[in-house]
Amino acid sequence: MVVLHTQPSTSEVKHKKNRRKLSKKPARTAPAEGAEDLDMDEGSHAAAEQHAAESQQQNEENAQDDEIMIDTDPSAPSQSAAPAFPPLPASAQRTALKSEMRRIPIPPHRMTPLKKEWVNIFSPLTEMLQLQVRMNVQRKCVEIRTSKHTKDIGAIQKGADFVKAFALGFDVNDAIALLRLDDLYLDSFEIKDVKTLHGDHLSRAIGRIAGQDGKTKFTIENASRTRIVLADTKIHILGSFQNIKIARDAIVSLILGSPPGKVYAGLRTVSARMRQRAL
């Protein structure tokens, strides 16, 4: 058997390739000179018309924005003028005061003194501040509430500070100064906040602050015009801001181990300076 190997003709392959090339690259014919000039003129004229239309549209939008910004409500107040708010009616203030209430917890060891001094405690609260007060024995607290006769907004805060000062251990006559003066505050801190002490070292620090028969504590109180309460490891100071700082610095020096004589000398210097400022 004779097998014939036929090869595709090269002419057909070249014809396919040429067909692909022709499809990719179409033939370009050179236009006439007059037609080319005409097309360029028409293209430039169309581009100029399009640019003019876009600029006109943009100008119209800007004009509309300017009109929106300029057109304001004539009845609205000017920005430079200060806003005027009507005064709050007295009825609204009374309703706000009626809803205020404070509950001051009393430690168990201060309940007996509270019962003994109850007349001296609730009298200034009701007469001076026009507050409603009651002692809640079950919860071991004193409840204070504003009434329709209360005029001062800060009266309930003053009353709460007064009762809190008595609960911390201050005398009623000293704590009542919180109601009469505005620049008195309460400050409390512990010995461990200054220096960590344990056992006998802690007891000696408390003894240095109190002194023999309370002599050191009384000296600090008289020199700084404050009142101090030593409640175990806690120290409470009642006085003005500057006087509290003087007393606290003296107590911190005693806790850190300074001898009382050195603290007395510093207090004498500070008290002399305070007298000069008072003059």
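The values are calculated or read from the model by the stated rules, or taken from the named source; none is laboratory data. Fair warning: this is a prediction, and the values are worked out from it, not measured in the lab. FYI the Cβ positions are ideal-geometry reconstructions off the backbone, even for glycines, and counts take in every protein chain you see. Heads up: the accessible areas ignore ligands, DNA and RNA and are worked out on the full protein's heavy atoms, side chains in. Shrake-Rupley method; radii C 1.70, N 1.55, O 1.52, S 1.80 Å.
Considering each of Gly199, Gly154, Gly169 in turn, give the residue that is under 20 Å from Thr233 (Cβ atoms) and not assigned by the TED database to the domain that holds His236.
Values: Gly199 fails: not assigned by the TED database to the domain that holds His236; Gly154 fails: under 20 Å from Thr233 (Cβ atoms).
Checking each option against the conditions leaves just Gly169.
Of Ser240, Ser203, which residue is within 21 Å of Ala272 (Cβ to Cβ) and of a type outside the set (Phe, Trp, Tyr)? Spell out how you get there, then give the answer.
On the way: Ser203 fails: within 21 Å of Ala272 (Cβ to Cβ).
After ruling out the rest, the residue left standing is Ser240.
In the list Ile209, Ile228, Ile255, Ile220, which residue meets the criterion of being buried (at least 18 other Cβ atoms within 10 Å of the Cβ) and within 32 Å of the chain's Cα centre (by Cα)? Before the answer, list the steps.
Working: Ile209 fails: within 32 Å of the chain's Cα centre (by Cα); Ile255 fails: within 32 Å of the chain's Cα centre (by Cα); Ile220 fails: within 32 Å of the chain's Cα centre (by Cα).
None of the others qualify; the one that does is Ile228.
Residues that are closer than 23 Å to Phe162 by Cα and in contact (Cβ under 8 Å) with a residue 12 or more places away in the chain: does the range 209-220 have at least one?
Step one: list which residues in the range 209-220 are closer than 23 Å to Phe162 by Cα, which gives 217-218, 220.
If we keep only those that are in contact (Cβ under 8 Å) with a residue 12 or more places away in the chain too, we end up with 217, 220.
Yes, the conditions are met somewhere in the range 209-220.
Only one of (1) modelled with pLDDT of 90 or more; (2) open to solvent by less than 80 Å² (accessible area, probe 1.4 Å) fails for Met274. Which number is that?
Every listed condition holds for Met274 apart from (1).
Say we look at the range 128-158 and pick out the residues that are assigned to a strand (DSSP E or B) and of a type in the set (A, V, I, L, M, F, W, C); which of these is surrounded by the fewest Cβ atoms within 10 Å (Cβ to Cβ)?
Applying the first criterion (assigned to a strand (DSSP E or B)) to the range 128-158 yields 131-136, 141-146.
Within this subset, residues satisfying the condition of being of a type in the set (A, V, I, L, M, F, W, C) are 131, 133, 135, 141-142, 144.
Values: Leu131: 24, Val133: 18, Met135: 16, Cys141: 18, Val142: 26, Ile144: 25.
Only one residue fits best here, namely Met135.
Assess whether Val194 counts as being under 23 Å from Pro113 (Cβ atoms), out of contact with any Asp or Glu (no Cβ under 9 Å at 6 or more places or on another chain), of a type outside the set (Lys, Arg) and crowded, with 16+ Cβ neighbours inside 10 Å. Walk me through how you get there before you give the answer.
Working: under 23 Å from Pro113 (Cβ atoms): no; out of contact with any Asp or Glu (no Cβ under 9 Å at 6 or more places or on another chain): yes; of a type outside the set (Lys, Arg): yes; crowded, with 16+ Cβ neighbours inside 10 Å: yes.
So Val194 fails the test.
Pull up the range 234-252, narrow it to residues that are of a type in the set (Gly, Ala, Ser) and under 22 Å from Ala167 (Cβ atoms), then point me to the one that is surrounded by the fewest Cβ atoms within 10 Å (Cβ to Cβ).
From the range 234-252, those of a type in the set (Gly, Ala, Ser) are 239-240, 247, 250; that's our starting set.
Filter again for under 22 Å from Ala167 (Cβ atoms), leaving 239-240, 247.
Numbers: Gly239: 24, Ser240: 15, Ala247: 25.
Top of the filtered list is Ser240.
Tell me, which residue of the range 241-256 that is of a type outside the set (Val, Ile, Thr), touching a residue at least 40 places away in the same chain (Cβ under 8 Å) and out of contact with any strand residue (DSSP E or B) (no Cβ under 7 Å at 6 or more places or on another chain) is farthest from Phe170 (Cα to Cα)?
Keep residues of the range 241-256 that are of a type outside the set (Val, Ile, Thr), which gives 241-243, 245, 247-250, 253-254, 256.
Right, trim to touching a residue at least 40 places away in the same chain (Cβ under 8 Å) and you get 241, 248, 254, 256.
Checking which are out of contact with any strand residue (DSSP E or B) (no Cβ under 7 Å at 6 or more places or on another chain) leaves us with 254, 256.
On the way: Leu254: 22, Leu256: 25 Å.
That would be Leu256.
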